[in-house]
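Below is one structure; the comments refer to it alone.
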Amino acid sequence: MTDDPKATSSPTCLAHEGDDTYMGFASRPEIAAFLNELLEAERAGTGVALRSAEVAGGTPFADLLRDIHRDEAHWCAMLLKQLKALGEPASAKVGDFQQKALAIPGLPERIAFLNRGQAWVVRKLGDMLPKVRDDALHRDLTEMLKAHEINIERARVLLAQLPARG
């Protein structure tokens, strides 16, 4: 054994040379897969909100559903833009959520289901955001998370105002 104090690990001054995954961030393929998963879910949410708004008519849900539809379309465009910036192909699929939600006949029940879908997106974003190194993508995903949280709360308040079913 020697008394030489030489370190055997990489010096911290070389940390900037580590790639994103080494530094704990998501890899490019992981981010692309995540963005496509969200894109499919947002497309499904867009379809559910649009078709539900059509039947909501004069109910208290009509404005909420139109706003959710507009938001979901906005997030689809953002996700497409981010995939293009990554140089990754965008999925053309619509998530299974759309068929499941539209099969629910009662509007309040469908909106509650849509809210659970919005909460799923919030959870997914919360899990991924700490792994996103790109500032522009991080900012967009953070705005998406906040918008979903606002829509969740709006729907929760409207649903809570409905008379109890017995």
**Request:** Using a cut-off of 14 Å between beta-carbons, work out the net charge of the residues near residue 129 (Lys and Arg +1, Asp and Glu -1, residue 129 not included).
**Result:** -1
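Counting only other residues whose beta carbon sits under 14 Å from that of residue 157, what net charge do I get with K and R as +1, D and E as -1? Each step should come with its number before you reach the end.
Numbers: positive: 154, 156; negative: 63, 67, 149, 153.
Taking every other residue near residue 157 into account, the sum is -2.
Given R₀ = 25 Å, FRET efficiency for residue 156-residue 77 by Cβ-Cβ distance, to 0.05?
According to the calculation, E is roughly 0.40.
Would you tally the net charge around residue 39, using a Cβ to Cβ cut-off of less than 13 Å, leaving residue 39 out, and scoring K and R as +1, D and E as -1?
Values: positive: 43, 81, 84, 93, 124; negative: 37, 40, 42, 72, 88, 140.
Spelling it out: positives minus negatives among the neighbours equals -1.
Give, rounded to the nearest 20 debye, the magnitude of the charge dipole that segment 31-141 has about its Cα centre when Lys and Arg contribute +1 at Cβ and Asp and Glu contribute -1 at Cβ. Working shown, then result.
Working: 15 positive and 15 negative charges, 21 e Å.
Using only the charged Cβ atoms, the result is roughly 100 debye.
For segment 24-160, how big is the tail of P(r) above 25 Å, as a whole percent of Cα pairs? Mind dumping the intermediate values first?
Values: 2280 of 9316 pairs.
Counting every Cα pair in segment 24-160, those more than 25 Å apart make up 24 percent.
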**Asked** What list of ³J(HN,Hα) couplings, whole Hz, do you get for segment 143-158 from phi and the Karplus terms 6.51, -1.76, 1.60, once you set θ to phi - 60° and write x for glycine and proline?
**Response** 5, 4, 4, 4, 5, 5, 4, 5, 5, 4, 5, 4, 5, 4, 5, 4
**Item:** Anchor residue 93: lysines whose Cα lies under 29 Å away (excluding residues fewer than 8 positions away in-chain)
**Value:** 81, 84, 124, 131, 146
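Where a number appears in this text, it was derived from the coordinates with a stated rule and is not lab data. Values in this document were obtained by computation on a predicted structure and should not be read as measured data. Quick reminder, even Gly has a Cβ in these numbers, built from the backbone with ideal geometry, and neighbours come from all protein chains shown.
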